[in-house]
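The values are calculated or read from the model by the stated rules, or taken from the named source; none is laboratory data. These numbers were taken from a predicted model, which means no experiment stands behind them. FYI the Cβ positions are ideal-geometry reconstructions off the backbone, even for glycines, and counts take in every protein chain you see. Just so you know, the surface numbers come from the protein's heavy atoms only, side chains and all, with ligands and any DNA or RNA stripped out. Shrake-Rupley method; radii C 1.70, N 1.55, O 1.52, S 1.80 Å.
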Amino acid sequence: MNKQHTETSKFLSYVLRHEPHAIGLTLDREGWADIASLIAGTKQSGRELDEILIRAVVAGNDKARFAISEDGLRIRAVQGHSTESVALTYTEKMPPKFLYHGTATRFLNSIREQGLLPGTRHYVHLSEDEQTATAVGQRYGKPIVLKIEALRMHQQGLKFFQAENGVWLTDKVPVIFINLHL
Ligand code: HQG
């Protein structure tokens, strides 16, 4: 992704996951926004956006954060939402034995007490590989990767979902399923 694409991706994440109202946009329960309205609202806020740029960002996105509807008229973020207007329907799925969560060392004491909580987002986000988790943790400070006993959680009735881009989602991770001795 070049600089313009990265900036546009961050902007799209902001409006499609967190603050659609910032540009007068409405998302439906499944997170879909009308592309024409997205472009119109964005232009009003003084930022450049057109369909060519949107399509380039969606296609070239390193984490496949966005999807365009089959009819080509709508766009959504596939995970990561905090806005209450959205409640994506994810299909439950059996997770692999272990999943990983990247965080910052400064959060560890609190995680030891409370387990992993979703914060402002709708789910706790987990990845299949440690490398991705390290990059995620780095955003908040000195990264540390927590190994999660995902299959054991699932066997005990806790639900898992996988977004279209491969990110795993679960409501929370109780401390007993977190390996804190890495
Ligand atoms: C931490 C990115 C204290 C948690 C990534 C994290 C991901 C706690 C932070 C997606 C805690 C929340 C989500 C507790 C959890 N006490 N801190 N009990 N439980 N935390 O950004 O998982 O690049 O909301 O460890 O790739 O970092 O934006 O979640 O550090 O998939 O597409 O609280 O965002 O995707 O931070 O990241 P976030 P996250 P994008």
* Qualifying positions in the range 102-117 - closer than 14 Å to Val136 by Cα, near the ligand (Cβ under 8 Å from one of its atoms) and open to solvent by 30 Å² or more (accessible area, probe 1.4 Å) -> Phe107
* To do: Evaluate the range 131-143: report whether one residue or more is farther than 30 Å from Val58 by Cβ, away from the ligand (no atom under 12 Å from the Cβ) and in contact with a Lys or Arg (Cβ under 9 Å, 6 or more places away or on another chain).
  => no
* Only one residue in His122, His154, His81 is more than 8 Å from the ligand (Cβ to nearest atom), part of a helix (DSSP H, G or I) and buried (at least 17 other Cβ atoms within 10 Å of the Cβ), so which one is that? -> His154
* **Residue within the range 45-59 that is closer than 30 Å to Pro143 by Cα and loosely packed, with under 13 Cβ neighbours inside 10 Å present** => yes
* **the range 127-147 - residue that is in contact with a helix residue (DSSP H, G or I) (Cβ under 6 Å, 6 or more places away or on another chain) and either assigned to a strand (DSSP E or B) or of a type outside the set (Gly, Ala, Ser) (or both) and, of those, farthest from His101 (Cα to Cα)** => Lys142
* Structure fact -> With the first residue restricted to the range 1-28 and required to be within 12 Å of the ligand (Cβ to nearest atom), and the second required to be at pLDDT 95 or above and of a type in the set (Asp, Glu), Cβ contacts under 8 Å at 6 or more apart or on different chains are none
